[in-house]
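The values are calculated or read from the model by the stated rules, or taken from the named source; none is laboratory data. Keep in mind that what you see is a predicted model, and the values were worked out from it rather than measured. Note that we place each Cβ from the backbone using ideal geometry, even for glycine, and neighbour counts take in every protein chain shown. Quick note on the areas: whole protein, heavy atoms, side chains included, nothing else; ligands and nucleic acids left out. Shrake-Rupley method; radii C 1.70, N 1.55, O 1.52, S 1.80 Å.
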Amino acid sequence: MLYTSTRDTAVRATAAEAIVRGISADGGLFVPLGIPKLSLKDIERLCPLSYAGRAGEILKLYLTDFTKEELSGCVGGAYSSGKFSSERIAPLRKLGGGTYMLELWRGPTCAFKDMALQLLPYLLTAAAHRTLKGTGIVILVATSGDTGKAALEGFRDVPGTEIAVFYPENGVSPMQKLQMTAQEGGNVHVCAVEGNFDDAQNGVKAIFADRAIKSELSERGLALSSANSINWGRLVPQLVYYISAYCELLSENALRPGEKLNAVVPTGNFGNILAAFYAKEMGVPIAKLICASNANNVLTDFLKTGEYNRNRPFYRTSSPSMDILISSNLERLLFHLSKDADEVRAYMSALGKEGRYRVSDGLFAKISGLFEAGFCDDERTARTIREAYEKYGCLCDPHTAVALNVYEDYVSRTGDSTPSVIASTANPYKFPACVLSALSGKERAGDGFALMRELHALTGEPIPQSLAELECKKVRFDRVCAKGEMAPALFGMLGM
Ligand SMILES: *Cc1c(COP(=O)(O)O)cnc(C)c1O
């Protein structure tokens with residue numbers, strides 16, 4: 001399987017090259033030249049396997065230049081080494097009727113980013129071993145909160161790597177911030193940016209596009225790579241849990257082979273829902289892809305009208321990992337559906353210059369056939385957290401609640417009774433103030449650890465060990481930089 005760029009189909013890269021480079025030199029994203037197909041028989045054959053086993057079978061369709069041994073080492077290290085709090089890795093929880101929560105937050109940092117970022121360091125070091133020979137890798141990350149911590153945890157003390165994470169100074173929750181600033185490890189670096197997530201992401205993209213920075217690093221034997229969801233190595237592990245969820249439901253006789261399933265995904269950078277799109281294209285019987293946004297509803301508008309317009313107010317919401325106005329992975333969808341890199345390049349150029357573009361009627365028709373969309377503000381998010389707890393005994397974090405609310409809206413609007421899987425993307429204890437305020441109906445703030453204990457006393461839900469133990473950890477990183485100063489900050493962190 002070879003990869004090309006969403007902006008230039010003359011580009012060719014192996015999977016290893018795509019993963020090491022992160023982004024194509026033309027600014028486009030790497031995409032597979034074809035999407036491999038799974039028959040229903042193939043899917044049924046995955047059912048008896050463990051999560052790691054299923055992951056190995058699926059990855060080998062995409063990472064054809066990795067050996068069988070490499071892949072089984074990668075998936076075994078990520079998913080069979082006891083780092084997840086469920087043996088099933090991504091267990092399903094039935095809410096009622098045919099509705100399920102797909103719990104993607106069982107990893108070490110309690111958010112769904114672990115699903116990919118526990119595996120990516122294995123993939124990246126195996127790939128770098130082949131393509132870079134002797135060069136050290138600097139992993140550069142912009143985070144809206146959860147990616148940063150998951151990447152730091154995944155890459156900490158991985159030989160041959162340094163990792164630098166930039167987060168928006170006031171754009172992450174106190175718990176998310178502490179998770180990052182107290183990170184342990186000898187190769188980890190964390191810096192706040194005076195700006196929002198889009199500023200941090202743009203700064204990282206600018207560093208990747210800067211030849212002078214590249215050559216300065218290369219003189220010191222270092223190459224840049226990305227752990228953001230624009231990296232193919234982030235995306236491909238995410239296909240696995242949608243396929244695996246279908247297998248789980250087949251195994252429990254909750255679905256008949258071939259029966260359709262909706263996928264509901266709380267969306268920011270469009271990575272998680274794009275993974276569901278790939279799973280559908282591969283042949284998993286997914287009916288609708290339901291895209292849920294918070295008040296930053298640029299994707300809702302796009303999926304309903306065909307116009308992407310980022311010229312709008314930016315809101316800081318109770319679901320900060322979705323506070324995004326430029327959803328980078330959407331570019332991959334546009335490419336797969338249009339099959340036209342010139343068209344994609346024109347859209348992305350308009351987005352850069354005018355902050356907006358409108359897709360062609362033909363492309364919009366394809367998108368409309370696949371996606372449903374809705375959004376949910378903070379007030380309704382809070383109400384949904386309370387109702388989900390009262391109705392189902394299910395304690396949701398705010399991101400998951402956004403998805404649940406949009407799904408309930410969709411069902412009452414359409415009457416669609418297709419079984420549905422809702423991606424549950426974070427453990428509620430990552431956002432204790434929000435969740436406790438929602439349950440009690442009173443605005444709560446203050447010491448996150450006291451709030452966690454109170455939430456535990458109220459609900460009896462276990463507090464994840466990795467969050468509880470943060471209370472006695474020391475803050476190691478307090479660097480802040482202006483949004484135009486990220487490159488010097490990076491050099492500073494690397495001691496250059
Ligand atoms: C990152 C994140 C999202 C959004 O996922 P995308 O792949 O960026 O669309 C949703 N919820 C949580 C908790 C996240 O960390």
At what distance in nm do the modelled label points of GLU184 and ASP8 sit from each other, each positioned 7 Å from its Cα along Cα→Cβ? 4.5
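Please work out the FRET efficiency for the pair ALA468 and SER81, using the Cβ-Cβ distance as r and a Förster radius of 25 Å; give the result to the nearest 0.05. List each step's numbers first, then the result.
Details: r = 21 Å, r/R0 = 0.86.
Working from the Cβ atoms, E equals 0.70.
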Based on DSSP, what percent of beta bridges with both residues in the stretch 84-181 are antiparallel, to the nearest 5? 40
Across the stretch 488-493, in residue order, what do the Karplus-derived ³J(HN,Hα) couplings come to in whole Hz, using 6.51 cos²θ - 1.76 cosθ + 1.60 with θ = phi - 60° and x for Gly and Pro? x, 4, 4, 4, x, 5
Once phi is turned into θ = phi - 60°, what whole-Hz ³J(HN,Hα) does the Karplus curve with 6.51, -1.76 and 1.60 give for every residue of the stretch 84-94, x standing for Gly and Pro? 9, 7, 10, 4, 7, 6, 10, x, 9, 10, 6
HN-Hα J in Hz across the stretch 459-476 - Karplus 6.51, -1.76, 1.60, θ = phi - 60°, x for Gly and Pro: 10, x, 5, x, 7, x, 3, 5, 7, 4, 6, 4, 4, 9, 8, 8, 6, 9
List the residues, sorted by chain then number, that are 5 or more residues from SER420 or on another chain and whose placed amide H is less than 5 Å from its amide H. THR99, TYR100, ASN262
Could you check how much of the accessible area of the chain is carbon and sulfur, as a whole percent, using a 1.4 Å probe? 50
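Could you calculate the contour length gain from ARG211 to THR418, that is, 0.36 nm times the residue separation minus the distance between their Cα atoms, to one decimal place in nm? Mind showing how you got there, number by number?
Values: separation 207, 0.36 × 207 = 74.52 nm, distance 5.02 nm.
Length gained, ARG211 through THR418: 69.5 nm.
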Among beta bridges assigned by DSSP with both residues in the chain, the antiparallel ones amount in percent, to the nearest 5, to 25
Evaluate the stretch 59-207: find the radius of gyration of its Cα atoms, find its Kirkwood radius, and give the ratio Rg to Rh. 1.00
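Might you tell me the accessible area per residue for the chain, computed with a 1.4 Å probe and given in Å²? If you can, show how the numbers build up before the last one.
Details: 18240 Å² over 496 residues.
For the chain, the solvent-accessible area averages 37 Å² per residue.
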Among the aspartates and glutamates, which have Cα under 18 Å from the Cα of LYS353 when same-chain residues fewer than 8 positions away are ignored? ASP26, ASP198, ASP199, GLU307, GLU331, ASP342, GLU343
Whole Å is fine, so just give me how far the alpha carbon centre of the stretch 1-27 lies from that of the stretch 335-366. 19
Potential extension, SER251-GLU69 segment - 0.36 nm per residue separation minus Cα distance: 62.8 nm
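Suppose a student asked you for the relative contact order of the stretch 103-160, using Cα pairs under 8 Å spaced at least 6 residues apart; what percent would you report? Walk me through the numbers before you get to the answer.
On the way: 46 pairs, mean separation 25.1, N = 58.
Relative contact order of the stretch 103-160: 43 percent.
Beta carbons within 10 angstrom, averaged per residue: use that to sort the peptides 29-39, 236-246, highest first. Don't jump to the answer; show the numbers that get you there.
On the way: 29-39: 17.3, 236-246: 25.9.
The packing order, highest mean first, is 236-246, 29-39.
Give the value in nm², to one decimal: projected area of the alpha carbon convex hull of the chain, averaged over all directions. Don't skip to the answer; put the middle values down first.
On the way: hull surface 83.8 nm².
Average projection, Cα convex hull of the chain: 20.9 nm².
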Please give the Cα centre distance for the stretch 224-294 versus the stretch 439-496, rounded to the nearest Å. 29
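Which of the three applies to the stretch 311-357, rounded, prolate or oblate, going by the alpha-carbon gyration tensor with a ≥ b ≥ c and a/c under 1.5 meaning rounded? Please report the intermediate quantities before stating the final value.
Numbers: a/c = 4.44, a/b = 1.78, b/c = 2.49.
Oblate is the answer for the stretch 311-357, as a/c is 1.5 or above yet b/c matches or exceeds a/b.
Over the stretch 287-344, what per residue volume does the convex hull of the Cα atoms give, in whole Å³?
In the stretch 287-344, the Cα convex hull volume per residue is 100 Å³.
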For PHE375, residues with placed amide H under 5 Å, excluding near neighbours: SER293
Name the long-range amide H neighbours of GLU162: under 5 Å, sequence gap of 5 or more, or other chain; modelled H, no Pro or chain starts. ILE137, VAL138, ILE139
Could you work out how far apart the two model spin labels at ARG45 and ARG356 are, taking each label as a point 7 Å from the Cα in the direction of the beta carbon, and quote it in nm? 5.0
Between ALA346 and LYS442, what is the label-to-label distance in nm when each label sits 7 Å out along the Cα-to-Cβ direction? 5.9
Note down the magnitude of the dipole of the stretch 209-265 about its Cα centre, charges +1 on Lys and Arg C-beta and -1 on Asp and Glu C-beta and zero elsewhere, to the nearest 20 debye. 140
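Output the pairs from LYS60/LYS366; LYS83/LYS133; LYS37/LYS149; LYS113/LYS366; LYS113/LYS288; LYS260/LYS339 with a Cα-Cα distance over 31 Å in this structure; if there are none, say none.
Values: LYS60/LYS366 29 Å; LYS83/LYS133 29 Å; LYS37/LYS149 34 Å; LYS113/LYS366 29 Å; LYS113/LYS288 23 Å; LYS260/LYS339 26 Å.
With Cα atoms farther than 31 Å apart: LYS37/LYS149.
Which FRET efficiency, nearest 0.05, do VAL475 and ARG220 yield, Cβ-Cβ r, R0 25 Å? Don't jump to the answer; show the numbers that get you there.
Working: r = 28 Å, r/R0 = 1.13.
For VAL475 and ARG220, the calculated efficiency is 0.30.
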